[in-house]
Amino acid sequence: MKQNKKQHLIYIILIIFSGMNNHAYGLASDASQPITIDSNTATYDDATETSTYTGNVVSIQGSIRVNSDKLVVYFINGDVDKLVFTGKRAKFKQTPSEGEDDITGEALTGEYYPKKNLLVLIDEATVWQGNATYSSKLIEYDSKSSLVRAGEKSSDAKRVHVILKPKSKEVKQ
């Protein structure tokens, strides 16, 4: 019986992720756009190659927008390697492609790797797109292919919560 439940769960997860992908891709121009940051304060530490922004931080790259309380940018040889944002609930939004529903999410901590097009949401993480909602302690979002991975493979104790709402029926006249 336990094996059937596990197979059933794997089948449901595959259906969910295939529906979430929708063959949508992040706007092609996102990765080539500069990252702009607005905040109340900003500091740069040349020795550690980090830049820290605090207070109502808004960072934008193309159609990707992140709102947070604090943002730390890590550089390697002057090039952005990683952005770590934190907040009561740091939020992000991206338009995957023209005409598609925006992908939005929130978490207590987020890590964005621009060269990999990878956003990792950690602690109280939730992602929404259209009629689907995904919640977990850990969610990875590939902003180029709009692929979402939730949960941790190493632990059955950390669960993924998914809500799939039915699409509203159009009224025919």
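Can you pull out every residue in region 93-106 that is without any contact (Cβ under 8 Å) to a residue 40 or more places away in the chain, within 24 Å of Pro34 (Cβ to Cβ) and either of a type in the set (S, T, N, Q) or part of a strand (DSSP E or B) (or both)?
Lys93, Thr104, Gly105, listed by residue number.
Scan region 10-54 residue by residue and report those that are assigned to a strand (DSSP E or B) and either at pLDDT below 90 or of a type in the set (A, V, I, L, M) (or both).
Passing the criteria: Ile37, Ala42.
Quick grid of which residues meet (1) surrounded by 12 or more Cβ atoms within 10 Å (Cβ to Cβ); (2) over 22 Å from Lys115 (Cα atoms); (3) of a type in the set (Lys, Arg); (4) over 14 Å from the mean Cα position of the chain (by Cα):
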| site | (1), (2), (3), (4) |
| --- | --- |
| Ala42 | yes, yes, no, yes |
| Asp46 | no, no, no, yes |
| Thr52 | yes, no, no, yes |
| Gln61 | yes, no, no, no |
| Asp81 | yes, no, no, yes |
| Thr86 | yes, no, no, no |
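Go through Val120, Val127, Val148, Val57 for me and flag whichever is closer than 14 Å to Ile35 by Cα and in a strand (DSSP E or B).
Working: Val120 fails: closer than 14 Å to Ile35 by Cα; Val127 fails: closer than 14 Å to Ile35 by Cα; Val148 fails: closer than 14 Å to Ile35 by Cα.
None of the other options fit; the residue is Val57.
What number of residues within region 109-129 satisfy the criterion of being without any contact (Cβ under 8 Å) to a residue 60 or more places away in the chain and farther than 17 Å from Ser68 by Cα? First the steps, then the outcome.
Within region 109-129, the subset without any contact (Cβ under 8 Å) to a residue 60 or more places away in the chain is 109-113, 115-116, 118-128.
Next, from what is left, pick out any that are farther than 17 Å from Ser68 by Cα: 115-116, 118, 128.
The qualifying residues number 4.
Can you name the number of the only condition in (1) farther than 18 Å from Lys93 by Cα; (2) at pLDDT 85 or above; (3) in contact with a Gly (Cβ under 7 Å, 6 or more places away or on another chain) that Val160 fails?
(2)
Let me spell it out: the conditions are (1) modelled with pLDDT of 85 or more; (2) among the β-branched types (Val, Ile, Thr); (3) in contact with a Gly (Cβ under 8 Å, 6 or more places away or on another chain), and Thr104 meets all of them except one. Which number is the exception?
Only one criterion in (1) modelled with pLDDT of 85 or more; (2) among the β-branched types (Val, Ile, Thr); (3) in contact with a Gly (Cβ under 8 Å, 6 or more places away or on another chain) is unmet by Thr104, namely (3).
Can you tell me which residue is modelled with the lowest pLDDT among those in region 55-82 that are hydroxyl-bearing (Ser, Thr, Tyr) and within 16 Å of Val120 (Cβ to Cβ)?
Initially, region 55-82 is screened for residues hydroxyl-bearing (Ser, Thr, Tyr), giving 59, 63, 68, 74.
The next check asks that each one be within 16 Å of Val120 (Cβ to Cβ); those that pass are 59, 68, 74.
Working: Ser59: 91, Ser68: 95, Tyr74: 96.
Ranking the qualifying residues of region 55-82, first place goes to Ser59.
For region 93-113, what are the residues that are touching a Lys or Arg at 6+ places or on another chain (Cβ under 8 Å), closer than 17 Å to Val72 by Cβ and surrounded by fewer than 23 Cβ atoms within 10 Å (Cβ to Cβ)?
Our first condition is that a residue be touching a Lys or Arg at 6+ places or on another chain (Cβ under 8 Å); within region 93-113, this holds for 93-94, 102-108, 111-113.
Of the ones still in play, those that are also closer than 17 Å to Val72 by Cβ are 107-108, 111-113.
Once the filter is applied, which keeps residues that are touching a Lys or Arg at 6+ places or on another chain (Cβ under 8 Å), closer than 17 Å to Val72 by Cβ and surrounded by fewer than 23 Cβ atoms within 10 Å (Cβ to Cβ), region 93-113 yields Leu108, Glu111, Tyr113.
Of the conditions (1) crowded, with 18+ Cβ neighbours inside 10 Å; (2) of a type in the set (A, V, I, L, M); (3) under 14 Å from the mean Cα position of the chain (by Cα), Leu118 fails just one. Which one is it?
Here Leu118 meets the rest and fails (1).
Given the structure, is Ile76 surrounded by fewer than 15 Cβ atoms within 10 Å (Cβ to Cβ), of a type outside the set (Ser, Thr, Tyr) and over 21 Å from Leu108 (Cβ atoms)?
yes
The values are calculated or read from the model by the stated rules, or taken from the named source; none is laboratory data. All values reported here derive from a predicted model rather than from experimental measurement. Because the Cβ atoms are built from the backbone with ideal geometry, glycine has one as well, and the counts that use them run over all protein chains shown.
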